[in-house]
Amino acid sequence: MELQGTANGAGCRFAIVVSRFNHEVTDGLLRGARGALADAGVADDDITTVWVPGAFELPVTARKLAESKRFDAIITLGCLIKGETMHFEYIAGASTQGIMDVATTTGVPVLFGVLTAMTDAQALSPKLWPNPFRWSNFHDVFTNTSMVRYAGNTMLYAGLSTIGVLVSSIPVAYALARLRWRGRNLALIIVLAAMMLPSQVTVVPQYVMFAKLHLVGHLAPLIVPNFFGDAFSIFLLRQFFLTIPEEYADSARCDGAGEWRILLKVVVPLSRPAIAAVGLFSFLYAWNDFFGPLLYVGEAKGNWTLSVALANFRTLYHVQWNLTMAATVLFMLPVIVLFFAAQKAFVQGVTLTGVK
């Protein structure tokens, strides 16, 4: 076995994260990895081996070791049910400059918006730092618009849409991942095809359908479709369900549990990170959605969401950048708080999905 990417590893500290699952295979991988590092000039004392129960814990453990900054490189070793796989990850050696560039690119506009929201100038000025800070801009936003009502509409849309996506997608994903039935592969192909289908293709027939049901002007056309499943959410959850050992479900069946009970009592508790990621994706999409609310409730001001109200606010106060930015900050604040509150579960759900 050849170690790629290191011409000379002398003086570097390596951590090898190994899965205990199918240890006959991983033992061979471990010996090969240590031998390759020795050939690269790495001393045996500079190599630390970390064992984890299963392959699904490899990325999380490797990330924690990287964050500890105790090692120069992290190597993860795992195995599949059939065959072998070896995966080298140089996490700790990631480019700090690249991370700073990304942080600057995304953080500077947000910082500029927050500072502008607290100025007393009606137009852009060379003064970046507010002097004095005008906190009343946020009060003026609530005074000049029905911000509370629009926030309630947005929360109703995002909340019910998230519930609908989870309730409808989890059973379908479980059926595609664990149940054996005729036509399962065809159903999976249909789900994948639905992911590739542009949403613009279904806009016109969907609008005509809801218009004949006299629902245009209400939030129902935005919420109801989510209770019929979401292709991306189904696929994401299916990939995560495949990583859960089948033995858990078999043990529950031996105790007399049916498929619904296995899903609710075994699979769902083990899939909280993936479910949290799907829920967060769905909530953020609904919260930021502009096209859907504009299409269905654009003429019904009482049912506007924050995205439509913010666009209208921009046209009314187009030169008052302080008020416009204050409204924008209020629009972003709930999702920023939600992301940081669910950050751990979200990152775990995205990282572990598809690892088997």
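The values are calculated or read from the model by the stated rules, or taken from the named source; none is laboratory data. The shown structure was predicted, so the numbers you read here are calculated from the model rather than taken from an experiment. Backbone-built Cβ (ideal geometry, glycine too); neighbour counts: all protein chains shown.
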* Conditions (1) in contact with a Pro (Cβ under 7 Å, 6 or more places away or on another chain); (2) exposed (fewer than 15 other Cβ atoms within 10 Å of the Cβ): number failed by Tyr296 -> (2)
* So which pairs qualify, if the first residue must be in region 322-335 and at positive phi, the second must be not polar (S, T, N, Q), the Cβ gap must be under 9 Å, and the two must be at least 6 apart or on different chains? -> none
* To do: State all residues of region 302-342 that are at pLDDT 80 or above and in a loop (DSSP other than H, G, I, E, B); if no residue qualifies, say none.
  => Trp304, Thr305
* Determine whether region 77-97 contains at least one residue that is exposed (fewer than 11 other Cβ atoms within 10 Å of the Cβ), of a type in the set (D, E, K, R) and modelled with pLDDT of 70 or more. => no
* Somewhere in region 41-51, is a residue at pLDDT below 75 and surrounded by fewer than 19 Cβ atoms within 10 Å (Cβ to Cβ)? -> no
* Asked: Is it true that some residue in region 119-127 is touching a Leu at 6+ places or on another chain (Cβ under 9 Å) and at pLDDT below 75?
  -> yes
* Structure fact -> Across (1) surrounded by 21 or more Cβ atoms within 10 Å (Cβ to Cβ); (2) modelled with pLDDT of 90 or more, Ala274 clears everything bar (2)
* **Filter result (crowded, with 16+ Cβ neighbours inside 10 Å and modelled with pLDDT of 60 or more) within region 1-31** => Cys12, Arg13, Phe14, Ala15, Ile16, Val17, Val18, Ser19, Thr26, Leu29, Leu30
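Yes/no per residue for (1) touching a Gly at 6+ places or on another chain (Cβ under 8 Å); (2) farther than 22 Å from Arg184 by Cα; (3) not basic (Lys, Arg):
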| residue | (1), (2), (3) |
| --- | --- |
| Met196 | no, no, yes |
| Ala211 | no, yes, yes |
| Leu219 | no, yes, yes |
| Ala231 | no, no, yes |
| Pro245 | yes, no, yes |
| Asp250 | no, no, yes |
| Glu259 | no, no, yes |
| Val267 | no, no, yes |
| Tyr285 | no, yes, yes |
